[in-house]
1. Could you check, for segment 327-345, whether at least one of its residues is under 18 Å from the mean Cα position of the chain (by Cα), more than 22 Å from E310 (Cα to Cα), modelled with pLDDT of 95 or more and surrounded by fewer than 21 Cβ atoms within 10 Å (Cβ to Cβ)?
2. Looking at (1) part of a loop (DSSP other than H, G, I, E, B); (2) of a type in the set (V, I, T); (3) surrounded by 13 or more Cβ atoms within 10 Å (Cβ to Cβ), which is the one condition that is false for I22?
3. What do you reckon, is P27 crowded, with 22+ Cβ neighbours inside 10 Å and either more than 23 Å from T180 (Cα to Cα) or more than 26 Å from the chain's Cα centre (by Cα) (or both)?
4. Here are some residues: L97, L38, L62. Which one is more than 30 Å from I387 (Cβ to Cβ) and either among the charged types (D, E, K, R) or surrounded by 13 or more Cβ atoms within 10 Å (Cβ to Cβ) (or both)?
5. Name the helices (runs of 4 or more DSSP H) wholly within segment 151-266 that hold at least 1 residues that are in the same structural domain as S77 (by TED's automatic domain parsing) and surrounded by fewer than 18 Cβ atoms within 10 Å (Cβ to Cβ)?
6. What are the residues in segment 50-77 that are within 26 Å of F94 (Cβ to Cβ), touching a strand residue (DSSP E or B) at 6+ places or on another chain (Cβ under 9 Å) and not β-branched (V, I, T), if any?
7. Of a type outside the set (A, V, I, L, M) and under 16 Å from L365 (Cβ atoms): is that true of K327 in this structure?
8. Which of the numbered conditions does A140 fail, given that it passes all the others? Conditions: (1) on the phi < 0 side of the Ramachandran plot; (2) touching an Asp or Glu at 6+ places or on another chain (Cβ under 6 Å); (3) surrounded by fewer than 23 Cβ atoms within 10 Å (Cβ to Cβ).
Amino acid sequence: MAPAEFATQVLKCDPSSITFLISSDDPRISSKETLDALKFAAHQLVDLSQTVVFPTETVYGLGALALDSNAASKIFSTKGRPPDNPLIVHVSSFAMLHSLLPPGYDIPKSYQVLMKHFWPGALTLLFPRNHEVVPSIITAGQPTVAIRMPSHPVARALIAIANAPLAAPSANTSGKPSPTRAEHARQDLNGKVGLILDGGACGVGLESTVIDGLHADGNIRVLRPGGITVEDVERVLRDNFKELGNTPAVLVHKRDYADKALESSPTTPGMKYRHYSPSVPLILLSTLSTLSGAQPSTTLDQYIHSLQQERSEGLLKIGVLAPTDSKLWGQLHAREDIAWHRYLLGPLATPSVIAHNLFDGLLSLEKEGVHLMMIEEVEEGREGLAIMNRVRKAASESIQVTLD
């Protein structure tokens with residue numbers, strides 16, 4: 001069923017006006033404008049069972065009541081999301097987390113350590129699903145449910161005021177780049193959602209890291225790299241388990257192990273379907289690694305020449321995303337038949353900045369009306385692992401390029 005048409009309203013929220021005390025799960029909000037916006041959003045969610053777009057530290061989310069199947073179904077219809085793609089449940093407190101878990105469930109020590117260090121934050125953990133509480137639409141029928149506690153003040157305050165867990169995938173049409181600004185969400189979902197809370201640009205800019213620590217071997221499986229790096233997860237576990245002598249191994253899906261059954265019937269978002277793709281072709285320029293079965297390496301000039309040969313006439317607008325200090329920029333030679341549209345992602349030495357800018361770059365170049373985009377490969381250390389996870393899912397083609 002197509003989503004209803006709404007007059008989309010955008011309300012400003014000031015994250016700096018919201019604080020959470022260690023001793024309380026309830027927010028203190030000094031701005032009346034922000035408090036009114038949050039109360040109105042909670043009314044839309046709880047009393048009207050509607051969806052609301054709100055900021056998190058990772059990306060903007062399309063939220064609905066997680067424990068109401070009818071409300072959650074509106075997420076799928078609004079996004080055009082396949083029903084076998086699970087949703088992440090967002091909570092504002094540990095009490096809310098425990099209300100979702102099976103009675104008497106003991107949280108593993110590894111999870112306790114990770115939550116102590118990374119919650120609230122950009123870390124999602126898989127838990128056993130309480131079938132009496134969590135609807136199957138949330139988990140796509142899987143026996144586990146993905147849960148996280150966002151650190152963005154607006155997100156956490158909204159959940160607390162609503163006093164209900166919220167399912168909230170990225171606030172975009174399914175398969176498109178995730179929004180990291182309210183304007184991104186408005187451009188994509190205008191008329192499909194009634195309310196967008198504008199809390200400014202997202203700090204992380206990539207979705208959360210998703211971890212499965214429920215296997216009998218006690219090891220940690222990273223199903224989706226994201227805002228919390230694998231290196232940080234390894235460090236925290238090593239520091240807290242070293243005296244016990246049995247530190248869990250941290251295994252990254254598709255890097256350290258494969259699981260075809262999981263890919264065909266995923267327990268978490270981002271594993272099965274093509275994601276993050278702009279409306280025009282995105283070409284991954286492989287400059288660091290060798291592509292499997294790839295054609296011989298080419299220069300950028302040779303590749304651009306081949307593109308122009310395929311194009312009958314007219315100016316070709318090419319969007320380019322690369323680190324600020326990349327050698328690639330020196331390869332973009334002036335040509336009468338090419339219009340370069342540049343987006344500098346940030347320094348090679350700070351992949352967190354590149355991660356923060358990635359989706360904004362894709363959406364900004366798309367808005368500029370380019371015919372295609374090219375993005376340069378980055379090292380897969382720290383945030384680079386999550387960056388390349390998103391880029392490979394978004395790219396329509398990868399080519400081997402040598403930069404002189």
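1. no
2. (3)
3. Considered against the rule, which asks whether it is crowded, with 22+ Cβ neighbours inside 10 Å and either more than 23 Å from T180 (Cα to Cα) or more than 26 Å from the chain's Cα centre (by Cα) (or both), P27 comes out as yes.
4. Exactly one residue qualifies, and that residue is L38.
5. Here the list reads 182-189.
6. F54, P55, Y60, G61, L62, G63, A64, L65, A66, L67, A71, A72 - these are the residues of segment 50-77 that are within 26 Å of F94 (Cβ to Cβ), touching a strand residue (DSSP E or B) at 6+ places or on another chain (Cβ under 9 Å) and not β-branched (V, I, T).
7. The answer is no for K327.
8. (1) is the only condition that A140 fails.
The values are calculated or read from the model by the stated rules, or taken from the named source; none is laboratory data. The shown structure was predicted, so the numbers you read here are calculated from the model rather than taken from an experiment. Virtual Cβ from ideal backbone geometry, glycine too; neighbours counted across all protein chains shown.
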